[in-house]
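Quick notes on the structure that follows.
The values are calculated or read from the model by the stated rules, or taken from the named source; none is laboratory data. For clarity, every value in this text was computed on a predicted model and none was experimentally measured. In this analysis, Cβ positions are derived from the backbone assuming ideal geometry, glycine residues included, and neighbour counts consider all displayed protein chains. Quick note on the areas: whole protein, heavy atoms, side chains included, nothing else; ligands and nucleic acids left out. Shrake-Rupley method; radii C 1.70, N 1.55, O 1.52, S 1.80 Å.
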Amino acid sequence: MTVTVLAVVSALSPPHMLLFGMVAIGTAFAAASASPRGVLAVGCYAFAAAFAVSTWQGMLGTTDQILRLLLVAAIIPISWVIAAHLRLLLRETAEAAGERGMLAAIVEQATDAIIVLHLDGTVLKWNAGAENLYGYRAAEMVGEKFSRVLPPERLPYYERSLAEVTGGENTIVDEAPRIRSDGTTFLVSIASAPIRDESGEVIAVAATERDITATKRRETEERQALERTAQAVRMESLGQLAGGVAHDFNNLLAIILNYADFLTEEVTADGRRDLDRIRDAAGRARSLTSQLLLFARQEPTQVENVDLNEVVSSSSELLSRSIGTNIRLVCRTHGQPLPVRANRGRLDQILLNLVINARDAMPDGGLVVVGTDRTADGGARLSVTDTGCGMTAEVRDRLFEPFFTTKPADQGTGLGLATVYGIVEDAGGHIGVESSPGAGTTFTIELPRADGPAPEAAGTSVTGPSPGRGEHVVVLEDEDFVRDAVIRILRENGFRTTVLHEQDPAAAVLDDAALLIADIELRHSSGPEVAARLRRHHPGLRVLFMSGYSERDLRDRYQLDGSARIMPKPFTAVELLAAVGDTLASTAGRRG
C-alpha cells in the first residue's frame with residue numbers, strides 16, 4: 001500500500017522532482033516486519049512500480065530511469081539483511097524469554113529453598129520451597145534481612161560466608177542450623193554462588209538450601225545401631241572368654257575349698273585360722289566368677305513382673321546412705337506403673353552399681369538423678385545422671401569390658417559395670433551411656449514391657465546333706481584333684497565309690513550303682529553323652545551332673561530338661577552331699 005501510494009504521487013509529480021525516490025522507502029519500511037520474504041516481495045513490487053512510473057513519464061531508456069531503478073534495486077538487499085537480522089533478534093529474544101520463564105517456573109516449583117540475597121543480606125527472591133521450609137511467605141521475607149532465620153550464634157559464620165560469595169567464591173556448607181517461623185530449629189545443607197551482571201560484577205547472591213534434619217537423624221540412629229552391634233559382638237566375645245575363664249577358676253576353687261576343709265582337723269588352731277583366710281579368699285574368688293558368668297549372661301535367674309518405679313522408690317534410702325552426705329540424690333519416677341520382666345535383686349544391683357559409679361565420679365560432691373520413664377514402644381527406661389567429671393570417648397568405648405577400670409587397683413575389680421551390662425542384656429534390654437569430660441555422665445537402660453507369667457526357674461532343690469548308707473556312687477571327672485576330692489568326701493560320709501573313665505566306661509562297675517556323678521565338659525566327649533550310653537544298659541541309673549559353666553548354657557547346649565540335675569562348681573562338701581542326697585531321694589533320675 002505504501003509503495004502504491006508513493007508510486008501514484010511520483011507519477012503525478014513532474015519528472016524532474018525528487019519525489020520519485022520515495023518509492024524506494026516502501027522497501028525500507030518492509031524491513032521493520034522482520035520478514036525477509038516480505039522485503040523481497042515489496043522490493044520487487046517497488047522496482048516494477050518505479051519502472052512503470054518512469055516509463056509513463058517518458059524516461060524509458062534514459063539515464064534518469066536507470067539511476068532511479070538502480071536506487072530501488074540497491075535498497076532491496078539492504079532491507080532484506082535488516083529484516084533477516086531483526087527476525088534473528090526477535091527469535092533469540094523469544095527464546096531467552098521462554099528460558100527465563102522456564103527457569104522462573106523451575107525455581108518457583110523446586111522443593112529446595114532457593115533464595116536470592118542482595119549483597120547486604122536483604123532477601124530479593126524467596127521461592128515456594130523456601131516458604132514450605134521456613135514457614136514464612138515470600139511477602140513476609142522479601143525486603144527483610146536473611147539473618148532473621150538464623151540462630152544468634154551462627155551470625156559470625158553467616159557473615160563470613162556472605163563475604164566470601166560477594167567476593168566471587170562459591171561456597172558449600174554441609175550442615176547449618178536454621179529457625180522456622182514457629183521457633184523450631186532444623187538443619188540444612190547450603191550451596192551458594194554469586195550472581196553477576198553483563199560486565200561480570202557481582203550484584204547478588206543465590207543460595208540453595210535443603211532440609212537434612214531427617215537424614216542427619218537417620219544417620220545418627222544408624223551409627224548408634226552400628227556402634228551397639230559392634231559393642232554387642234565385642235561383648236559377646238568377651239562373654240565367651242569370661243565363661244571359659246570362670247569354668248577353669250571354678251575347678252581350681254573346688255580344689256582349694258575342699259582341700260582346705262580336709263586340712264581343718266589336721267592342723268593347729270593357728271593353722272585353722274590360716275585355712276579360714278584361704279576359704280574366705282576362695283569365697284571372694286567364687287563371687288567374682290559368679291559375676292563373670294553374669295556378665296557372660298550364663299548365670300540362671302528367676303524373673304518376675306516388677307514395677308520399675310517401685311524398685312527406684314524402695315531403693316532410694318539405701319542409695320542415699322551409699323553415696324555420702326556431700327552428694328544429693330533425686331529420684332523422679334514416671335506417673336504410671338512401669339512393669340518389666342526381670343530379677344528384682346539384680347535390678348537393685350544395677351541401681352547400686354550405677355549410683356556408686358556416679359559417687360566415685362564426684363569426689364567433691366554433686367547431684368545424682370535417678371529417673372524412670374516410658375519408651376516410645378511402651379517399654380521402660382531407667383536413667384542415672386551425675387554431675388561428675390565425665391569420661392573420654394576412649395574410656396566410654398571400653399566401659400563395660402570386664403576388669404577394665406580407671407580406679408586404683410585397691411578400689412575396684414572392674415566388674416561392676418560389666419555385671420550391669422550382663423544383667424541388662426539378659427533381661428532383653430540395652431544400655432547406653434552419654435558422657436564427655438567435665439560434663440557429667442548419663443546411663444540409660446531400656447527394658448521391654450512385662451508380658452505374661454514369670455517362668456519357673458530350673459535348678460536343683462536341695463534337701464540338706466545326709467550321710468550315705470553304703471550306696472554305690474560312680475564318679476566320672478577328668479580333673480584329677482576334683483575327682484579325688486569328690487571321692488574322698490563321699491567315702492568319708494558312708495558311700496562306696498568307683499572311678500569311671502570316659503574312654504572306657506566299664507559296664508560291670510554299674511551293676512549295683514545307685515548314682516553316676518559326671519562332669520559335663522570332658523576332654524573327649526561329654527557327661528550327657530556318656531550317661532546316655534550307660535543308661536541303655538542301666539535305664540534306672542540316677543545321674544548328677546556337675547560343671548563350672550552356666551547351668552542355662554549347658555541345658556541349651558546339651559538339650560537337658562528340667563529333670564536333669566546340675567551341681568555348680570565350686571562346691572563344698574556340704575553342697576555335694578546335699579545334691580547327692582537330693583538326687584538319690586528323687587524318682588526323676590529313674591527316667592531315661
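Worth a mention:
- Residues in region 74-85 that are more than 12 Å from T27 (Cα to Cα) and touching a helix residue (DSSP H, G or I) at 6+ places or on another chain (Cβ under 7 Å): A84 only.
- Pairs, first open to solvent by 20 Å² or more (accessible area, probe 1.4 Å) in region 518-537, second at pLDDT below 85 and outside any loop (DSSP other than H, G, I, E, B), C-beta under 6 Å, six or more apart: H537/A507
- Unique match (being at negative phi, of a type in the set (D, E, K, R) and at pLDDT below 80) among E401, E446: E401
- Test result for L584, in a loop (DSSP other than H, G, I, E, B), at pLDDT 85 or above, on the phi < 0 side of the Ramachandran plot and open to solvent by 20 Å² or more (accessible area, probe 1.4 Å): no
- If you go through region 544-565 and keep only what is open to solvent by 10 Å² or more (accessible area, probe 1.4 Å), outside any helix (DSSP H, G or I) and not aromatic (F, W, Y), you end up with Q559, L560, D561, G562, S563, A564, R565.
- Note on region 123-173: residues that are of a type in the set (S, T, Y), crowded, with 16+ Cβ neighbours inside 10 Å and either in a strand (DSSP E or B) or within 37 Å of the chain's Cα centre (by Cα) (or both) total 5.
- On the stretch given as region 536-570, residues that are modelled with pLDDT of 85 or more and closer than 21 Å to E471 by Cα total 10.
- Matching residues in region 174-212 - criterion: being open to solvent by 80 Å² or more (accessible area, probe 1.4 Å), outside any strand (DSSP E or B) and more than 20 Å from L133 (Cα to Cα): E198, S199, E201
- When G422, G414 are checked against the criterion of being at pLDDT below 85, open to solvent by 10 Å² or more (accessible area, probe 1.4 Å) and not β-branched (V, I, T), a single residue qualifies: G414.
- Residues that are surrounded by fewer than 19 Cβ atoms within 10 Å (Cβ to Cβ) and polar (S, T, N, Q) were ranked within region 355-384; the one that is farthest from the chain's Cα centre (by Cα) is S383.
- Pair list, Cβ < 8 Å and 6+ apart or interchain, from region 571-583 residues that are farther than 26 Å from D280 by Cβ to residues that are basic (K, R) and surrounded by 19 or more Cβ atoms within 10 Å (Cβ to Cβ): D582/R565; T583/R542; T583/R565
- Residues satisfying the stated conditions in region 56-77, i.e. hydrophobic (A, V, I, L, M, F, W, C) and in contact (Cβ under 8 Å) with a residue 40 or more places away in the chain: W56, M59, L71, V72, I75, I76
- Answer residue from region 301-339, given it is under 16 Å from G366 (Cα atoms) and polar (S, T, N, Q) and is surrounded by the fewest Cβ atoms within 10 Å (Cβ to Cβ) among those: T325
- Per-region count, region 455-488, residues open to solvent by 50 Å² or more (accessible area, probe 1.4 Å) and modelled with pLDDT under 80: 9
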